[in-house]
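Values in this text are rule-based calculations from the coordinates and carry no lab data. For clarity, every value in this text was computed on a predicted model and none was experimentally measured. A quick note on method: Cβ atoms are made from the backbone with ideal geometry, for glycine too, and the neighbour counts reach across all protein chains shown.
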Amino acid sequence: MIIEQIKESQILARKSKNQITASLLTTVIGEAEMVGKNAANRAPTDAEVIQILKKFEKNMLENLKIFNERDMKDQIISVMTELTIVRQFLPEKLTDLQVEKDIGTVMQKLSLAKEQKSMGPITKELKAKYGDQFDGQQVSTQFKQMLV
């Protein structure tokens with residue numbers, strides 16, 4: 001389970017006195033475990049932990065944009081460090097080329113026309129195939145480019 005990997009990394013960070021990593025992972029663990037506790041007092045699932053990590057990643061990217069606009073170099077370095085830590089626990093993202101190829105395969109398999117209403121069945125198939133790696137925005141973007 002991903003939460004166990006995060007806990008192990010947090011312990012290693014604490015032992016090696018890496019405050020940034022230890023602090024960030026402690027926060028991630030707290031948020032993830034709260035989701036499980038609120039949903040029947042259980043451990044969080046991998047999908048729930050991934051959602052928490054994606055939320056952290058999104059917030060960090062938003063902060064990075066602001067810090068870049070304001071030329072805040074120290075904060076940029078800090079956020080980049082945290083982003084690296086969070087991303088090590090996220091599933092690998094699919095390449096645009098792979099997504100485009102898979103869309104084509106699904107369209108052929110289901111005999112779908114190149115039209116907007118084909119997006120639903122394509123999304124359903126790819127979500128089932130990729131699970132936690134699925135990125136709806138990426139699929140939508142690639143599909144729209146194929147329509148042009």
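Below, the figures for the structure above:
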read-out: Summed residue charge, Cβ within 9 Å of Thr21's Cβ, Lys/Arg positive, Asp/Glu negative; value: 0
read-out: For Thr81, net neighbour charge (Lys/Arg +1, Asp/Glu -1) across residues whose Cβ lies under 14 Å away; value: -1
read-out: Helix-only [θ]222 nm of the chain, DSSP H runs n ≥ 4, -39500 (n - 2.57) each, per residue, nearest 500; value: -25000 deg cm²/dmol
read-out: Sequence-separation-based contact order of the chain, relative, with Cα cut under 8 Å and 6+ spacing, percent; value: 19
read-out: Estimated dipole of segment 35-96 in Debye, rounded to 20 [Cβ of Lys and Arg +1, of Asp and Glu -1, Cα centre]; value: 220
read-out: Gyration tensor verdict on segment 2-87 (Cα atoms; rounded if a/c is under 1.5, prolate if a/b is larger than b/c, oblate otherwise); value: oblate
read-out: Dipole magnitude of segment 54-148 about its Cα centre (Cβ charges: Lys, Arg +1; Asp, Glu -1), debye to nearest 20; value: 360
read-out: Helix axis angle, 136-147 relative to the chain longest principal axis, alpha carbon, degrees; value: 30
read-out: For the chain, convex hull volume per residue from C-alpha positions, Å³; value: 142
read-out: Degrees separating the helix 19-38 axis from the principal Cα axis of the chain, which is the longest one; value: 60
read-out: Euclidean distance of C-alpha centroids, segment 73-104 and segment 6-44, integer Å; value: 20
read-out: Charge tally in the Cβ shell below 14 Å around Met72, where Lys, Arg are +1 and Asp, Glu are -1, Met72 excluded; value: -1
read-out: Among the listed pairs Lys37/Lys127; Lys101/Lys124; Lys109/Lys129; Lys109/Lys144; Lys54/Lys129, those beyond 22 Å (Cα-Cα); value: Lys37/Lys127
read-out: Helix 96-109 vs. the chain, principal-axis angle (Cα, 0 to 90°, nearest 10); value: 40
